[in-house]
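Trainee: Take this structure, written in structure tokens, and hold onto it; I'll ask about it next.
The values are calculated or read from the model by the stated rules, or taken from the named source; none is laboratory data. Keep in mind it's a predicted model, so treat the numbers as computed, not measured. Every residue, glycine as well, gets a Cβ built from its backbone with ideal geometry; the counts of neighbours run over all protein chains shown. Heavy atoms of the whole protein, side chains included, go into the accessibility calculation; ligands, DNA and RNA do not. Shrake-Rupley method; radii C 1.70, N 1.55, O 1.52, S 1.80 Å.
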Amino acid sequence: MNINENYLKLKASYLFSEIARRVNAYLAEHKDAPIIRMGIGDVTRPLVPAVTEAMTRAVAEMGCQETFRGYGDEQGYGFLRAAVKKYYEEKNVFIDEDEIFISDGAKSDIGNILDLFSQNNCVLIPDPVYPVYVDTNIMDGRKIVFMNASEENGFLPMPDASVDADIIYICSPNNPTGAAYDRKGLSEWVKYAKSKNAVILFDAAYEAFIADDGLPGSIFEIDGAKECAIEFCSLSKTAGFTGTRCGYTVVPHALKCGDTEFNKLWLRRQTTKFNGVSYIVQRGAEAVFSETGRKQIKENIDYYRKNASIITDALDECGIKYFGGKNSPYIWLKCPWGLESWEFFDLLLNEICVVGTPGAGFGENGKDYFRLTAFSTHEKTAEAMERLKKLADKKSKKS
Ligand code: PLP
């Protein structure tokens, strides 16, 4: 037997294990240190009542002879696909129910979709980036070309006609930088993708955080995108489903390679390798789109938004440059005092017991940046920022 040797080309999953190693080493020396974690992109607010009530009803149904359900459709129950379809209609995006595939979250579909593409395809990925895009393509042995996201382009790289690509990753609003494309930016990408006969894999996991009017929450708000894009969305950050697991992927019929519809291939792939998301979770997900669910979820998102503004206000006071925070739960700051991201990480850990994520973990272009998340509590966020302000004060007195 042989293994897939591409797996040996993967870099060790360095980022979060290295963060944990450094935090544990610090705690070994400082037992009860009041660590505040502002690094990992997991939510802290519980599921909203509309969701838990719907799931409780579904649990009761599953325990009753008349309403028990076994295997469901691999692509998701009709009731949830209808709810997602309606949600898109609010954005003036009209898709058919059979273009929507319910999943157990965006991460698996983002990886699995690559089953449909030849290993000879060339992939265009921004740097810095959500590491899953890179690693899943390394696993398949595809050639990766990076495009620079930088302060100069507002962390929103634009297409370069001289660069060829078959698969293009766009994440907007972006993890880790918090930057979000406007319509004009996405239209340029659609135009480029069509000119190269390429497919855009559009990650909309943070669309619910968009605050600026007019910013697109879906690539399908752009004319022509149905012929060149697949969209992944998730209830993880929208509705606190990181532990519950549900998302959806939209594969339009209009997206074709020659005469072959990607939709048909994806359906074939899913019906072969996937057996659907649990009925109970899909009922919970349906409630996310109900009127009550939407109201309750908005309160949670507003809660995180308040944290983002606590962070950005503090950074303004400290004179630290940052990006994001307005249309995303991530604040991407330029490491101050001439430090690189791991040095800044160590400084925050050792001086103020605050843990964030070094930008170097998201790619070469992240090495001078640092990601803070708005997913903590108000109290911890405010306390962390008070500590940061004191540290900045100390630093400015020294210099
Ligand atoms: N896409 C991006 C950009 C993310 O940051 C994440 C999670 O952090 C995901 C996808 C994965 O989402 P899910 O929990 O639905 O798998």
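Trainee: Calculate for the chain the 222 nm mean residue ellipticity that helices alone would give, adding -39,500 (n - 2.57) per DSSP H run of length 4 or more and normalising by residue count, nearest 500 deg cm²/dmol.
Mentor: Rounded to the nearest 500, the figure is -12500 deg cm²/dmol.
Trainee: For Arg69, what accessible area in Å² do you get when you roll a 1.4 Å probe over the heavy atoms of the protein chains, rounding to the nearest 10?
Mentor: Near enough 80 Å² of accessible area.
Trainee: How would Ser17, Ser376, Ser108 rank on accessible area, largest to smallest, probe 1.4 Å? Could the numbers behind the result be given before it?
Mentor: Numbers: Ser17 70, Ser376 10, Ser108 35 Å².
The most accessible residue leads, giving Ser17, Ser108, Ser376.
Trainee: While we're on this one: Pull up the DSSP beta bridges for the chain and report the antiparallel fraction as a percent, rounded to 5.
Mentor: Among the beta bridges of the chain, antiparallel pairing accounts for roughly 50 percent.
Trainee: I want to make sure I understand the PRE zone here: with the label point 7 angstrom from the Cα of Leu116 toward its beta carbon, which residues in region 233-251 have backbone N atoms less than 14 Å away?
Mentor: Within reach of a label on Leu116, which here means backbone N under 14 Å from a point 7 Å along Cα→Cβ, region 233-251 contributes 233, 248-251.
Trainee: Over 21 Å between Cα atoms: which of Lys107/Lys273; Lys31/Lys321; Lys196/Lys367; Lys194/Lys256; Lys298/Lys389 fall into that group?
Mentor: Over 21 Å apart, Cα to Cα: Lys31/Lys321; Lys196/Lys367; Lys298/Lys389.
Trainee: Calculate how large, on average over all directions, the projected area of the Cα convex hull of region 1-160 is; give the answer in nm² to one decimal.
Mentor: Value for region 1-160: 17.5 nm².
Trainee: Counting Lys +1, Arg +1, Asp -1, Glu -1, what net charge surrounds Glu291 among other residues with beta carbon under 13 Å of its beta carbon? Provide the component values of the computation, followed by the final result.
Mentor: Numbers: positive: Lys86, Arg294, Lys295, Lys298; negative: Glu90, Glu286.
Surrounding charge for Glu291 is +2.
Trainee: Work out, step by step, the length gained on full extension between Lys306 and Glu261: first 0.36 nm times the residue separation, then minus their alpha carbon distance; give nm to one decimal.
Mentor: Extra length available between Lys306 and Glu261 comes to 11.9 nm.
Trainee: Quick check for me: using +1 on Lys/Arg Cβ and -1 on Asp/Glu Cβ, what's the dipole size of region 134-237 about its Cα centre, in debye to the nearest 20?
Mentor: Details: 9 positive and 17 negative charges, 50 e Å.
Computed charge dipole of region 134-237: roughly 240 debye.
Trainee: May I pose another question? With r as the distance between the Cβ atoms of Leu10 and Lys321 and R0 = 22 Å, compute the FRET efficiency 1/(1 + (r/R0)^6) and round to 0.05.
Mentor: It comes to 0.10.
Trainee: Right, something else. Would you work out which of Ala285, Ser118, Thr244 lies farthest towards the positive end of the dipole of the chain, given +1 charges on the beta-carbon of Lys and Arg and -1 on that of Asp and Glu, about the Cα centre?
Mentor: Of the options given, the answer is Thr244.
Trainee: Would you please classify the overall shape of region 167-296 from the alpha carbon gyration tensor, given that a ≥ b ≥ c denote the square roots of the eigenvalues, rounded means a/c under 1.5, and beyond that prolate means a/b larger than b/c while oblate covers the rest?
Mentor: Judged from the Cα gyration tensor, region 167-296 comes out oblate (a/c at least 1.5, b/c at or above a/b).
Trainee: Please identify the longest segment of the chain free of exposed GluC sites (Glu not before Pro), where exposed means a DSSP state other than H, G, I, E or B and no more than 10 other Cβ atoms within 10 Å.
Mentor: 153-399
Trainee: Long-range amide H contacts for Ile36: which residues qualify at under 5 Å (H placed 1.01 Å from N, peptide plane, sequence gap of 5 or more or a different chain)?
Mentor: Close amide H contacts, sequence-distant or interchain: Val354, Val355.
Trainee: Can you give me the % of accessible surface on region 182-337 that is carbon or sulfur? Probe 1.4 Å, all protein chains present, nothing else counted.
Mentor: Details: 2960 of 6230 Å².
Roughly 48 percent of what the probe reaches on region 182-337 is carbon or sulfur.
Trainee: Then there's this: Filter the chymotrypsin sites (Phe, Trp or Tyr not before Pro) in region 17-86 down to the DSSP loop ones having no more than 16 other Cβ atoms within 10 Å, then list what survives.
Mentor: Sparse-neighbourhood loop chymotrypsin sites (Phe, Trp or Tyr not before Pro): Phe68, Tyr71.
Trainee: Local charge sum around Ile301 (other residues, Cβ-Cβ under 12 Å, Lys/Arg +1, Asp/Glu -1)? All intermediate terms of the calculation are to be shown ahead of the outcome.
Mentor: Values: positive: Arg45, Lys237, Arg294, Lys295, Lys298, Arg305, Lys306; negative: Glu207, Glu299, Asp302.
Every neighbour counted, the sum reads +4.
Trainee: Using the Karplus equation 6.51 cos²θ - 1.76 cosθ + 1.60 (θ = phi - 60°), what ³J(HN,Hα) coupling, rounded to whole Hz, does each residue of region 202-210 give in order, writing x for Gly and Pro?
Mentor: Each residue's phi maps through the Karplus curve to give 9, 9, 10, 4, 10, 4, 5, 8, 5 Hz.
Trainee: Report, in debye and to the nearest 20, how large the dipole of the chain comes out about its Cα centre when Lys and Arg carry +1 and Asp and Glu carry -1 on their Cβ.
Mentor: Around 720 debye, computed over the chain.
Trainee: Now for a separate question. Charges on Cβ only, +1 for Lys and Arg, -1 for Asp and Glu, centred on the Cα centroid of the chain; of Ile222, Ala308, Ala382, which one is farthest towards the dipole's positive end?
Mentor: Ala382
Trainee: Under 19 Å from the Cα of Lys237, which aspartates and glutamates turn up, not counting those fewer than eight places away in the same chain?
Mentor: Qualifying aspartates and glutamates at Cα under 19 Å: Asp42, Asp104, Asp109, Asp203, Glu207, Asp212, Glu286, Glu291, Glu299, Asp302.
Trainee: When N counts the residues of the chain, how does its alpha-carbon radius of gyration compare numerically with 2.2 N^0.38 Å, as a ratio?
Mentor: Expressed relative to 2.2 N^0.38 Å, the Cα Rg reads 1.01.
Trainee: Heavy-atom accessible area of Phe375 with all protein chains present, probe 1.4 Å, nearest 10 Å²?
Mentor: Number for this one is 0 Å².
Trainee: Using modelled amide H (1.01 Å from N, peptide plane; none on Pro or chain starts), what sits under 5 Å from the amide H of Met147, excluding residues fewer than 5 places away?
Mentor: Here the answer is Ile125, Asp127, since their amide H atoms fall under 5 Å of that of Met147.
Trainee: Calculate how steeply helix 341-352 sits against the longest principal axis of the alpha-carbon atoms of the chain, using the helix alpha-carbon long axis, and give the answer as 0 to 90 degrees to the nearest 10.
Mentor: Helix 341-352 sits at roughly 60 degrees to that axis.
Trainee: Could you let me know the centre-to-centre spacing of region 8-54 and region 83-102, using Cα atoms, in angstrom?
Mentor: Cα centres, region 8-54 to region 83-102: 34 Å.
Trainee: Say R0 is 51 Å: what FRET efficiency, to the nearest 0.05, do Thr272 and Ala28 get from their beta-carbon distance? Could the numbers behind the result be given before it?
Mentor: Numbers: r = 48 Å, r/R0 = 0.95.
E(calc), rounded to 0.05, equals 0.60.
Trainee: Ok, one more. Around Ala60, under 14 Å between beta carbons, what's the net of Lys plus Arg minus Asp minus Glu among the other residues?
Mentor: Here the count lands on 0.
Trainee: Additional query: Amide H to amide H, which residues 5 or more places from Cys122 or on other chains are under 5 Å from it, using H placed in the peptide plane?
Mentor: Those lying under 5 Å, H to H, from Cys122 are Asp166, Ile167.
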